Amino acid sequence: MTRFFGKIFSALFLLFLFSGAYPLEAQKIISSGAKEKRRLLGIELRPRIESVVDEIEKKTGHEIVAVFESFDRAEEEGILGVSFIHTDGIAYVGAKTSLRLDSKRLEAVLAHELFHLRQRLRGYPTFMWSEKVKTKKGPAHLVEQSNVNSLHSLIDHRFFQADLEQLGLYKYLDLSDDAIRAAREEGHLEDGQAQAIDFCRAVLEFQDAKKLETYRRIYIKNGWRDSIKIGEAMAAIIKEKKITTAAEFQTVFSDCLIKLYKLPRAMKFRRDPTMKHYRRMVIET
């Protein structure tokens, strides 16, 4: 079940990786002389963000390609940005076309996506359900992958939230009002993994404690008490456990997955040999 809050940034992140499709209207970052400032989709890059771009391009051997996307399909509601590494090794970032009129938010979304790309190229993994894993609703890679993407994104954010705050950009990524509205509108839905991930995200990323309490009350009214408990447990794992290596990242992800799906034991992981440009782990039973 893919819901508004859980897909703000991550719903398309791995979908593009799986498809291998190039985005439309791709625009390369302007490569300038030493005295000129580099720009990305019209945004002049600050030194810290430019250093991230330099690291990505050095590791991929290609200039980043930037793209404006409409995100006008129903399943893309609420998406502001995407990032991925194509099968040819070229890194892409995308931002919603409407952000052309909001330079501050555009800068925040682009910085956020560039940090995600840096994570991939530093060896921190992504995750994908094995086609062999089945659920009551169907194959896990078809019906549960959005939950894996969202959980992965939450752990990723731990690495660069402080950077966004120091740059003064984090406040432009505050989507708590959208999340509260969505929870009110979706009270008819059954409690499930998507709700737990959304509450975990709220605990970790809401910038106003009063709004978090409002969100909690809505969850209680909706009968989503189990998701409150699971979401808080996952948030504690993400906040408290040390993550400095790819192995530690995988351990935190695995521990959260156990909570999310109430598993009796940890799942097994194997590296996907088809992914040559970044690390993707396949989740198996």
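The values are calculated or read from the model by the stated rules, or taken from the named source; none is laboratory data. Model, not experiment: these values are computed from the prediction. Here the Cβ is made from the backbone with ideal geometry for all residues, glycine too, and neighbour counts use every protein chain on show. Accessible surface is based on the protein model in full, side chains and every heavy atom, while ligands, DNA and RNA are left aside. Shrake-Rupley method; radii C 1.70, N 1.55, O 1.52, S 1.80 Å.
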_Failed condition for residue 175, given (1) of a type in the set (A, V, I, L, M, F, W, C); (2) within 16 Å of the chain's Cα centre (by Cα); (3) modelled with pLDDT of 95 or more_ = (3)
*Determine if the range 128-146 includes at least one residue that is assigned to a helix (DSSP H, G or I) and open to solvent by less than 20 Å² (accessible area, probe 1.4 Å).*
yes
*Identify, please: which residue in the range 185-198 is open to solvent by 30 Å² or more (accessible area, probe 1.4 Å) and in contact with a helix residue (DSSP H, G or I) (Cβ under 6 Å, 6 or more places away or on another chain) and is, among those, nearest to residue 110 (Cα to Cα)?*
193
*Under 6 Å by Cβ, and 6 or more places apart or on different chains, what pairs join a residue from the range 218-229 that is part of a helix (DSSP H, G or I) with one that is open to solvent by 50 Å² or more (accessible area, probe 1.4 Å) and not acidic (Asp, Glu)?*
218/184
*Please identify the pairs in which a residue from the range 252-281 that is under 22 Å from residue 195 (Cα atoms) and open to solvent by less than 80 Å² (accessible area, probe 1.4 Å) has its Cβ atom under 7 Å from the Cβ atom of a residue that is part of a loop (DSSP other than H, G, I, E, B) and not aliphatic (A, V, I, L, M), counting only partners at least 6 apart or on another chain.*
252/241; 267/285
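Whether any residue in the range 206-215 is in contact with a Leu (Cβ under 8 Å, 6 or more places away or on another chain) and either more than 23 Å from residue 188 (Cβ to Cβ) or open to solvent by 30 Å² or more (accessible area, probe 1.4 Å) (or both) is what I want to check.
To start, the set of residues in the range 206-215 that are in contact with a Leu (Cβ under 8 Å, 6 or more places away or on another chain) comprises 206.
When the remaining residues are screened for being either more than 23 Å from residue 188 (Cβ to Cβ) or open to solvent by 30 Å² or more (accessible area, probe 1.4 Å) (or both), the result is 206.
Scanning the range 206-215 turns up at least one residue that is in contact with a Leu (Cβ under 8 Å, 6 or more places away or on another chain) and either more than 23 Å from residue 188 (Cβ to Cβ) or open to solvent by 30 Å² or more (accessible area, probe 1.4 Å) (or both).
Could you go through the range 82-104 and let me know if any residue there is among the charged types (D, E, K, R) and either open to solvent by less than 10 Å² (accessible area, probe 1.4 Å) or more than 21 Å from residue 170 (Cα to Cα) (or both).
For the range 82-104, residues among the charged types (D, E, K, R) and either open to solvent by less than 10 Å² (accessible area, probe 1.4 Å) or more than 21 Å from residue 170 (Cα to Cα) (or both): present.
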*asked:* Six or more apart or on different chains, Cβ atoms under 6 Å: show the pairs whose first residue is in the range 116-137 and on the phi > 0 side of the Ramachandran plot and whose second is surrounded by 13 or more Cβ atoms within 10 Å (Cβ to Cβ).
replied: 123/246; 123/279
*Considering every residue within the range 101-108, establish whether at least one is within 30 Å of residue 191 (Cα to Cα) and in contact with a helix residue (DSSP H, G or I) (Cβ under 9 Å, 6 or more places away or on another chain).*
no
_residue 201 vs. criteria on the phi < 0 side of the Ramachandran plot, open to solvent by less than 30 Å² (accessible area, probe 1.4 Å), in a helix (DSSP H, G or I) and modelled with pLDDT of 95 or more_ = yes
*How many of the residues making up the range 242-251 are touching a residue at least 60 places away in the same chain (Cβ under 8 Å) and outside any loop (DSSP other than H, G, I, E, B)?*
3
